[in-house]
Amino acid sequence: VWVGPVTELRLARVSDLALVASWVCSAAHCRQWAGERVRFPVRLDQLPHEIEFENAESWWLFLRQALIGFVQVVPKPLWRVHLARLIVAPNSRGRGVGRELTEHLLAIAYAKSPASVSLNVFPDNFFAVRLYRNLGFCPGERPPGELPSGSQYMVHQR
């Protein structure tokens, strides 16, 4: 558990995913959030499997007891940690929550001593691409064995 001046980061439970699903309002938004893994409309009975909930650390960001963000930290081969499926509550978007959540997750990821931290982002997700670039992520070459995707693979190295 991480506690900041106004926010708190906690591990998520499967039962929390209903709220995440309620934040996904269209097929296009679902694709930006989870790629091709999750179908829209989101099915709660399939969601834990589709986002590989058991293989990742799933985190919630709270602001004064309100859930405002969700993201996963996924261990990958070659000493890499992957940030996945970051989403911010609709009423909290445009307020720096994505930045704060990503900064917290970078700290959690680097505590695992990886060689790098990666993520995927779709090029049409302009705000996310700008955020990740501003935080030091750069386009990278997708590692061997990763499924092809229309998303841009980005890498952060300290």
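The values are calculated or read from the model by the stated rules, or taken from the named source; none is laboratory data. Here the structure is a predicted model, which is why all the values come from computation and not from measurement. Cβ atoms come from the backbone with ideal geometry, glycine included; neighbour counts cover every protein chain shown. Note: accessible area is taken over every heavy atom of the protein model, side chains too, but ligands, DNA and RNA are not part of it. Shrake-Rupley method; radii C 1.70, N 1.55, O 1.52, S 1.80 Å.
Some values worked out for this structure:
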| quantity | calculated |
| --- | --- |
| Label-point gap, in nm, between residue 76 and residue 93 - each point 7 angstrom along Cα→Cβ | 2.5 nm |
| Cut-off 14 Å, label 7 Å out along Cα→Cβ of residue 130, residues of region 78-100 by amide N | 94-99 |
| The chain - Rg over Rh from alpha carbon coordinates, Kirkwood radius | 0.92 |
| Cα pair distances in region 41-91, grouped into 5 Å bins until the bin that holds the longest one, percent each | 5, 18, 22, 23, 18, 9, 3, 1 |
| Expected 222 nm ellipticity per residue - DSSP helices of 4 or more, -39500 (n - 2.57), all of the chain, to 500 | -7500 deg cm²/dmol |
| Low-density loop positions, GluC sites (Glu not before Pro), region 19-94 - DSSP coil, at most 16 other Cβ in 10 Å | 36, 52 |
| Average accessible surface area per residue within region 10-75, 1.4 Å rolling probe, Å² | 53 Å² |
| Net charge dipole size for the chain [Lys, Arg +1 and Asp, Glu -1 on Cβ; Debye, nearest 20] | 320 debye |
| Calculated SAXS-style log₁₀ I(q)/I(0) at q = 0.13 Å⁻¹ - region 1-88, Debye, Cα scatterers | -0.42 |
